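My structure is below; once you've seen it, I'll send some questions.
Derivation of every value follows stated rules applied to the coordinates shown; laboratory data play no part. Predicted model, so just to flag it, every value in this text is computed and none were measured. All Cβ positions, even for glycine, are placed from backbone atoms using ideal geometry, and neighbour counts span all protein chains on display.
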Amino acid sequence: MTFEEWQSLFSESYKAFNETSPAFKELISEVVSFAEARATSLYLVGGSVRDFLTGHEVKDVDIAVEGDAFVFAEDFAAYFGADFKLYEKFRTASVMNRAVSIDFASARAEVYPEPGALPQVAFSDIKTDLKRRDFTVNAIAARLSSSGAELFDPNDGLSDIRAKKIRILHKDSFKDDPTRLFRALRFAERLGYTLSEKTKILFNEAVENNFCSTLSNSRICAELEKIFQEDSLPTLLPKVCKSALLRVLSFSFEAFPPSSFALEEAQQICLKSSKEQSEELLLYFSWGILLGNLPDSEISQLLEMLPLKRTVRKKLEAYFAVRKDLETALEELSEDHRAKLYGLLHKHSEETLLLLVLNSKRPIVRKNTLFFLKYLGTMTPKIKPDELIQIGIPEGVHIRLALEFIAYKKADNPKMSKDEEIILAKNYLESLK
C-alpha cells in the first residue's frame, strides 16, 4: 500500500469511530479547536492509531501534546466543563465527557539511568517521542486538526503492519526496558504478527542475559496481569512460560507451563459472571492455573513475594492449602456417595472448587466436583430458619449446623419432603441434649 492508501484507510476508520460515538466526537472536536486556538500541536499516538489501521477494536485514545499535557488538559477541562484527573508524577492527565475519556501525555524524550529502571523524561517533539516507544507499529502518530487527522510515520511502522512484524526501534530497547519482552509476545499474539528477524535475535539475547532480573516483582506482576486480560490468554501465557521470561521467578514455569485448555475454560466461566466479579475472578483463575503445576514450596514462596491483590492472594492461599487433600479424598468417592461428597465439599467456596476443576488432571476429581457444583451444592432444604427455631433449635450457629445436617442427608435423597426434613431437625435437636 502507498502512504496515500494508508492515509485513506486511517481517515475512513477514524471517521467511522467518531460517528459511532457522538460523545467522543464532541469531545475530540472541542479538544482540537481548543488546541488550534492555543497553537498547540496534538497527535493521536500508540495503540489507537495501530488499531484504526488494522481494524482492531479501539479501546483507549491517547493524545501526545507538544508542550505540557498536564497544563493543557487542566485548562481545557476548565474551559469545556469536563471532568479530569491529573497525574502529577508523570504530568499526564485524563479528560472525561459522559461515557468517554481521552488520555493526554506530553511528547517527551526518555533516558534510562540504568537497565530496568523507570526512565527520566523531558519535554520534546513528536518525532523524538515516537522514537522512544516500544515497537514501530506503536510508533505511528496522526496529527489532529479541524480538517482531520494526518498520519506521521517516521519509523516505517506502516511497512511493519503490512509485513505483520513486531520490530523494536533500537538495539538497546529490551535492555533499557525488559517489560518490552512481555509486550513483544503480547502484541504478536494479539495481532497475529511475528517478531522481525533482528528483534527475535535481540529478544533471545535478552532472555539469555536475564535482562528481566533488573525488573521489580511489581512490574513483572503487572505485565502478567495485562497478559491475563488478553483474549489470546490460552495460547499466549504458555508461550510466555516457554520463552523463559519467567526464569527470574522460577525455572519451573518453563518446565511446567499452564494448560491452554484450563485457561480457555477459565475465560468461559468469567464471561458468565458480572463485570465486577469477572475481573477479579479472572485474576484468581489465571494466577491459580499459572502456579498450579509448580512444586508446593515454590508456590508458597511466590505467593509471599508477588505483590498480588490482597483478596486474590487470600483465595489462592485457601485453594492451595486444601487442593491435595481434596483431590485424594475425591478419588475415593463416586456419585453414589452423595452424602459423603456433600460433606467433603460444601464448606469450600465455589471459587476454590472451580479452580480445583480447572487445575486437576484426574478425571474422577473433575467429575465429582462438577457433580457437586451442578447438583448437590445447589440443594436447599425446604425448612426455614424460623421454623427450626419454633422446633426448639437454639438461634445462632446451631441453625446453620442443622441446615447443613439436613442438606447432608438430602444429598442421598434429593426428593426428601419437608415433613422428612422436620424429622431430621428434631433428630438434630435430640443430639444436642
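What is the chain by shape, rounded, prolate or oblate, if you read a ≥ b ≥ c off the alpha carbon gyration tensor as root eigenvalues and call it rounded for a/c under 1.5, prolate for a/b larger than b/c, and oblate otherwise?
Prolate shape, in that a/c is at least 1.5 and a/b is the bigger ratio.
Which of T328, H346, L358 sits farthest toward the positive end of the charge dipole of the stretch 313-375, with +1 on the Cβ of Lys and Arg and -1 on the Cβ of Asp and Glu?
It is L358, whose Cα lies furthest towards the positive end.
Counting other Cβ atoms within 10 Å, which GluC sites (Glu not before Pro) in the stretch 281-371 have at most 10 and lie in a DSSP loop?
Counting only loop positions with at most 10 other Cβ atoms within 10 Å, none of the GluC sites (Glu not before Pro) in the stretch 281-371 qualifies.
Round to the nearest 0.05 the FRET efficiency obtained for I201 and R310 when R0 = 56 Å and r is the Cβ-Cβ distance.
Given R0 = 56 Å and the Cβ-Cβ separation, E is 0.85.
Ignoring everything except DSSP H segments at least 4 long, calculate the 222 nm mean residue ellipticity for the chain; use -39,500 (n - 2.57) per segment, divide by total residues, nearest 500.
Taken over the chain, the calculation gives -17500 deg cm²/dmol.
So, one more: Any lysines with Cα under 28 Å of the K418 Cα? List them, leaving off those in the same chain fewer than 8 positions away.
Of all the lysines, those that pass the test against K418 - Cα under 28 Å, at least 8 places apart if same chain - are K340, K347, K374, K382, K384, K409, K410, K426, K433.
In the stretch 61-100, whose amide N lies under 11 Å from the spot 7 Å out along Cα-to-Cβ of T128? List them in ranges.
67
Now for a different question. Using a ≥ b ≥ c from the Cα gyration tensor of the stretch 1-163 (square roots of the eigenvalues), is it rounded, prolate or oblate, where a/c under 1.5 gives rounded and otherwise the larger of a/b and b/c decides, a/b for prolate?
Because a/c hits 1.5 or more and a/b fails to exceed b/c, the stretch 1-163 counts as oblate.
Rounded to the nearest 0.05, what FRET efficiency do D386 and I423 give with R0 = 22 Å and r taken as the Cβ-Cβ distance? Could you check?
E(calc), rounded to 0.05, equals 0.75.
Suppose the Debye formula is applied to equal point scatterers at every Cα of the stretch 165-307; what is log10 I(q)/I(0) at q = 0.14, 0.18 Å⁻¹?
-0.66, -1.07
Please list the non-local residues whose amide H lies under 5 Å from the amide H of E110, H modeled 1.01 Å from N, same-chain partners needing a gap of 5 or more.
Excluding prolines and chain starts, which carry no amide H, there are no hits.
Quick one: V32, V95, fewest Cβ neighbours within 10 Å first, how do they rank?
Sorted ascending by nearby Cβ count, the order is V32, V95.
How far is helix 363-374 tilted off the main Cα axis of the chain, in degrees rounded to 10, range 0 to 90?
Tilt of helix 363-374: around 80 degrees.
With the cut-off at 1.5 for a/c, could you classify the stretch 195-239 from its C-alpha gyration tensor as rounded, prolate or oblate?
oblate
At what distance in angstrom do the alpha carbon centres of the stretch 290-344 and the stretch 354-382 lie from each other?
14 Å
So how far, in whole Å, is the C-alpha centre of the stretch 62-128 from the one of the stretch 145-166?
22 Å
Distance in nm between label sites at K85 and T328, each 7 Å beyond Cα in the beta-carbon direction?
Each label point is offset 7 Å from its Cα along the Cβ direction, giving 4.7 nm.
Please rank W6, W287, fewest neighbouring Cβ atoms within 10 Å first, as an exposure proxy.
Fewest-to-most ranking of W6, W287: W6, W287.
Which of the trypsin sites (Lys or Arg not before Pro) across the stretch 232-290 are loop residues per DSSP, with 10 or fewer other Cβ within 10 Å?
K272
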